[in-house]
1. Please enumerate the residues belonging to the stretch 57-80 that are assigned to a loop (DSSP other than H, G, I, E, B) and among the aliphatic types (A, V, I, L, M).
2. I'd like to check something: does the stretch 110-118 contain any residue that is surrounded by fewer than 19 Cβ atoms within 10 Å (Cβ to Cβ), in contact with a Phe, Trp or Tyr (Cβ under 8 Å, 6 or more places away or on another chain) and at pLDDT 90 or above?
3. Which fully enclosed strands (runs of 3 or more DSSP E) of the stretch 105-169 have 2 or more residues being in contact with a Gly (Cβ under 8 Å, 6 or more places away or on another chain), closer than 21 Å to VAL92 by Cβ and of a type outside the set (A, V, I, L, M)?
4. Mind checking which residues of the stretch 33-48 are in a helix (DSSP H, G or I) and buried (at least 22 other Cβ atoms within 10 Å of the Cβ)?
5. Against the definition (free of Cβ contacts under 8 Å to residues at least 24 places away in the same chain and under 20 Å from ILE190 (Cβ atoms)), how does ASP69 come out, yes or no?
6. What number goes with the only condition from (1) modelled with pLDDT of 85 or more; (2) in a helix (DSSP H, G or I); (3) more than 17 Å from GLN144 (Cβ to Cβ) that ILE15 does not pass?
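The values are calculated or read from the model by the stated rules, or taken from the named source; none is laboratory data. Everything numeric in this text was worked out from a predicted model, so none of it was measured. Backbone-built Cβ (ideal geometry, glycine too); neighbour counts: all protein chains shown.
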Amino acid sequence: MLGVVLISAVFTGIIISAITPKPMFHGDYPYYPDVASITDAADVVIIGKVVTANDVKELMIDKTPNKADKETTPYTLSTVKVTRVVKGNVQVGDMITIKQLGDYQSKPEAALYAMDGYLKKDSVGLMFLCKYDDSPYSAVNPAQGIVQVINDNELYSSNKYSVFGYSDSSTKREEVESLDKVIAKIKENID
């Protein structure tokens, strides 16, 4: 009888954890409708290769003076080697840290979770980044700020709001956006 009760408790726990929604962060982010607006929003635009990924740290990003109840927030950190600079004050070969809101495993950011957008080791991306004092870089927004580079020159994003490279299994694209063509468009929009 005790065995049946234990087995029932285990199955109940499994069922509850399977149907309970995963806790997530939900952000409100600006939307960039075109190349000019996303380029203007970014302090730095690079091509980078992810060297390390999935390092979760609690960061204090609230810089409000004289605020007593500041709380830390979990971020997933990745180290990226800059392989090409399109805009900004970084150099090829620089190693930069990029933060993405949430703990990619236990409490992710909703948009990143939906599009499997947390950076992965050895991946390459076209990155539109914002620089902050005393904090790692961040993408201009999670849905549009980092676009995967595949096959060395093709852009891919699984997010329908991406300015570049959007494709899903139902999309039959005649022309793949090449990295070189997109970089030329970006450079046309740099002041």
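1. Passing the criteria: MET60, ILE61, ALA68.
2. no
3. Output list reads 124-132.
4. Residues satisfying the conditions are ILE38, THR39.
5. no
6. Result: ILE15 fails condition (1) only.
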